[in-house]
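Following: one structure in structure tokens, then a few remarks.
What follows draws every value from the coordinates through simple rules; no lab data is involved. Note that the structure is a prediction, hence the values are computed from the model and not measured. Backbone-built Cβ (ideal geometry, glycine too); neighbour counts: all protein chains shown.
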């Protein structure tokens with residue numbers, strides 16, 4: 001559970017631009033942070049990660065705190081996001097999974113049968129104590145900068161488990177969904193519990209907001225998303241909602257799923273670069289409901305372009321974001337490793353000036 005000091009710290013951040021925007025208010029400036037802002041684009045990150053496996057770094061409180069802080073120091077972003085990986089709860093629970101450089105998460109034995117699903121380990125908060133300790137270190141060092149916790153959504157975790165690693169077509173996942181819906185829902189419910197435990201560990205430790213990543217949800221039709229995915233993401237977001245912090249829901253290639261993703265319980269819907277923000281706001285609007293809050297959505301590839309191109313895109317996105325009840329400036333996906341950190345810092349300065 002939250003300590004009294006952590007609860008107090010959360011209340012004192014009520015005027016932080018990111019939290020104001022996330023709740024549909026008008027902050028003192030447009031808040032900005034970047035997905036994957038703590039990562040390979042920073043030389044200081046590469047230095048501290050040298051020789052340290054990814055999952056080891058994610059479960060070392062001092063190291064994850066240092067990596068989380070690096071972009072805040074360098075760029076002056078309006079939020080830190082906990083350095084971690086979506087497969088950390090699987091790994092911590094005892095699933096034989098590794099992050100292979102150049103490939104991504106790889107599962108030793110894919111989960112494709114009833115016995116395999118029922119043999120998955122259940123969530124155990126004690127195995128995630130290092131993450132909670134890392135959050136505690138960050139709260140003592142971040143000052144008035146909010147800390148975002150995060151987790152991978154059940155569908156994306158299931159896809160890694162079923163496919164055995166990253167997949168272009170998700171053929172085994174879709175085949176299981178449709179051929180054995182009961183088994184799919186059993187697996188997805190197990191993963192929803194695992195994800196919710198991971199988020200609760202972070203929330204109990206004091207994070208100020210959370211983001212649920214459904215990296216591969218864009219591979220689905222809206223019909224399949226609503227039938228096979230939405231109930232399980234909704235379970236996670238509802239559990240996180242008990243803490244009263246803003247909840248962001250983001251997926252890649254999910255322009256056709258935005259409405260359903262908001263219905264899953266998101267306070268803020270992340271939008272990738274494929275859909276203009278004003279169009280996303282139009283899709284997300286519901287008669288009689290609160291106006292939508294959006295996050296996004298500069299194409300990360302455009303950070304390689306000359307500065308005038310970047311500047312024009314940033315100005316356009318900020319202007320489109322004004323059509324929403326609240327707008328958090330971000331990229332449409334993560335920072336690419338080859339990105340010049342100086343460009344990210346200039347983007348933050350520009351957004352704040354607007």
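Quick one, can you get me the convex hull of the C-alpha atoms of the stretch 262-354 expressed as volume per residue in Å³?
Taking the convex hull of the Cα positions in the stretch 262-354, it is 93 Å³ per residue.
Report, in deg cm²/dmol and to the nearest 500, the calculated mean residue ellipticity at 222 nm for the chain, where each DSSP H run with n ≥ 4 adds -39500 (n - 2.57) and the sum is divided by the residue count.
-13500 deg cm²/dmol
Taking every alpha carbon pair in the stretch 50-181, what does the distance histogram look like in 10 angstrom bins from 0, in percent?
Percent of Cα pairs in each bin: 11, 37, 30, 17, 5, 0.
Hey, can you rank 268-276, 313-321 by average C-beta count inside 10 Å, highest first?
Taking the mean over residues of other Cβ atoms within 10 Å, the ranking is 268-276, 313-321.
Once each part is reduced to its C-alpha centroid, what is the distance from the stretch 242-278 to the stretch 112-189 in angstrom?
Cα centroid to Cα centroid, the span is 18 Å.
So if I restrict to the alpha-carbon atoms in the stretch 4-353, what is the Rg, and what is Dmax, the biggest pairwise distance, in Å?
Rg then Dmax for the stretch 4-353, in Å: 19.0, 56.
Give the relative contact order (percent, whole number) for the chain; include only Cα pairs under 8 Å separated by 6+ residues.
Reported relative contact order: 21 percent.
Measure of size requested: the Rg and Dmax of the stretch 1-120, with Cα atoms as the atom set and Å as the unit; please supply both.
Every Cα atom of the stretch 1-120 included, Rg and Dmax give 18.1, 54 Å.
Convert 20 °C to kelvin, take the viscosity as 1.002 mPa s, use the Kirkwood radius over C-alpha pairs of the stretch 285-335 as Rh, and evaluate the Stokes-Einstein diffusion coefficient in µm²/s, rounded to a whole number.
181 µm²/s
Hey, with R₀ at 41 Å, roughly what FRET efficiency would residue 178 and residue 274 work out to, going by the Cβ-Cβ distance, to 0.05?
E between residue 178 and residue 274, to the nearest 0.05, is 0.95.
With the alpha-carbon atoms as the only input, what is the per residue convex hull volume for the stretch 163-277 in Å³?
Dividing the Cα hull volume of the stretch 163-277 by its residues yields 107 Å³.
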